[in-house]
Amino acid sequence: FTLVDIGSGTENTDTVVGGMTGIVGKTSRIVNSYATGIVEISGMAGGFTAVNEGAIQECYSSMAIGRREGTYSAFTVEGDGELAGCVYDRQMACMEQETENAGEESGEFRLRGLNTEEMTGMEANVPGTWYLTEHAYPQIEFFAVSEQEEVMAGSMASAIALILPEGTTLLNGLGEGNIVLPSEIDGQEIVWEAEGKIAINENNQI
């Protein structure tokens, strides 16, 4: 999994970026993985990858996609590679329409956009083998139950979910001030801090 904050300080650059990787090559295969965080660049950016020429199976993205000059997609921008059972959080990606919901014959699908609530908790609608817990995105079990505290904490941090009201995206949710930050994950307390023009009240509301 990745937990990343990707930005670009220059304009008009030929940048190719994804939450997991910029390009998935023809001989590459990514399975049961996820990308979370923020990407805001000038160029081509996908929540999981920008270009897919390989195979991506049972993966998800909860990346927030910033808007600058360029081409953006919630999961992957272009390429002729395979997608199977992949999902993205359309509320976090600020993608209003489910534009990539293709290949749903016989109950199978290539790529599907879901609301945050559908991708979190014990009933998370994300294909693959995952460690599930309330109010969080699925985690890779190997990391979620690791005896190394730093590894387990990193896994928890990557799975924290902001449950937004239906019909709301991260972008307009911030403007309306109706985002409430979770107070715990898997029994562990989360302590939030804010900087600049952002404030968090005693009820964990931004």
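The values are calculated or read from the model by the stated rules, or taken from the named source; none is laboratory data. Fair warning: this is a prediction, and the values are worked out from it, not measured in the lab. Please note: Cβ atoms are built from the backbone with ideal geometry, for glycine as well, and neighbour counts cover all protein chains shown. Keep in mind that these areas ignore ligands, DNA and RNA; they rest on the heavy atoms of the full protein, side chains included. Shrake-Rupley method; radii C 1.70, N 1.55, O 1.52, S 1.80 Å.
Would you mind working out the accessible area per residue for the chain, using a 1.4 Å probe, and quoting it in Å²?
Numbers: 10820 Å² over 206 residues.
Per residue, the chain has 53 Å² of solvent-accessible surface.
Spelling out what I want: for every residue of the range 195-206, take phi, set θ = phi - 60°, compute 6.51 cos²θ - 1.76 cosθ + 1.60 (Karplus), and round to whole Hz; glycine and proline get x.
So the Karplus estimates, Gly and Pro as x, are 10, x, 8, 9, 10, 10, 7, 5, 9, 6, 9, 6 Hz.
Work out the length of the dipole vector of the chain about its Cα centre, built from +1 on the beta-carbon of each Lys and Arg and -1 on the beta-carbon of each Asp and Glu, and round it to the nearest 20 debye. If you can, show how the numbers build up before the last one.
Working: 8 positive and 33 negative charges, 100 e Å.
Its charge dipole is roughly 480 debye.
Collect residues whose amide H, placed 1.01 Å from N in the peptide plane, falls under 5 Å from the amide H of ASN125; neighbours closer than 5 in sequence don't count.
MET119, THR120
With only alpha-carbon atoms counted, please give the Rg and Dmax of the chain, in Å.
Both quantities, over Cα of the chain: 16.7, 50 Å.
Which of the peptides 42-50, 195-203, 141-149 is most tightly packed, and how do the rest follow, going by the mean number of other Cβ atoms within 10 Å of each residue?
Details: 42-50: 26.3, 195-203: 8.0, 141-149: 12.4.
Listed from highest to lowest mean packing, they are 42-50, 141-149, 195-203.
Amide H neighbours of GLY70 under 5 Å, counting only residues 5+ apart in sequence or on other chains, H built in-plane at 1.01 Å?
GLY43
Positive end of the charge dipole of the range 1-68 (Lys, Arg +1 and Asp, Glu -1 on Cβ, about the Cα centre): tell me which of SER28, VAL51, THR2 has its Cα farthest that way.
SER28
Under the rule a/c < 1.5 gives rounded, and otherwise a/b versus b/c splits prolate from oblate, where does the range 118-163 land using the Cα gyration tensor? Before the final figure, lay out the partial values.
Values: a/c = 2.76, a/b = 1.57, b/c = 1.76.
It is oblate, given that a/c is not under 1.5 and a/b is not larger than b/c.
Can you tell me which of ASN32, ASN125, ASN115 moves the most in a GNM of the chain? Springs connect C-alpha atoms under 10 Å apart.
The residue that fluctuates most here is ASN125.
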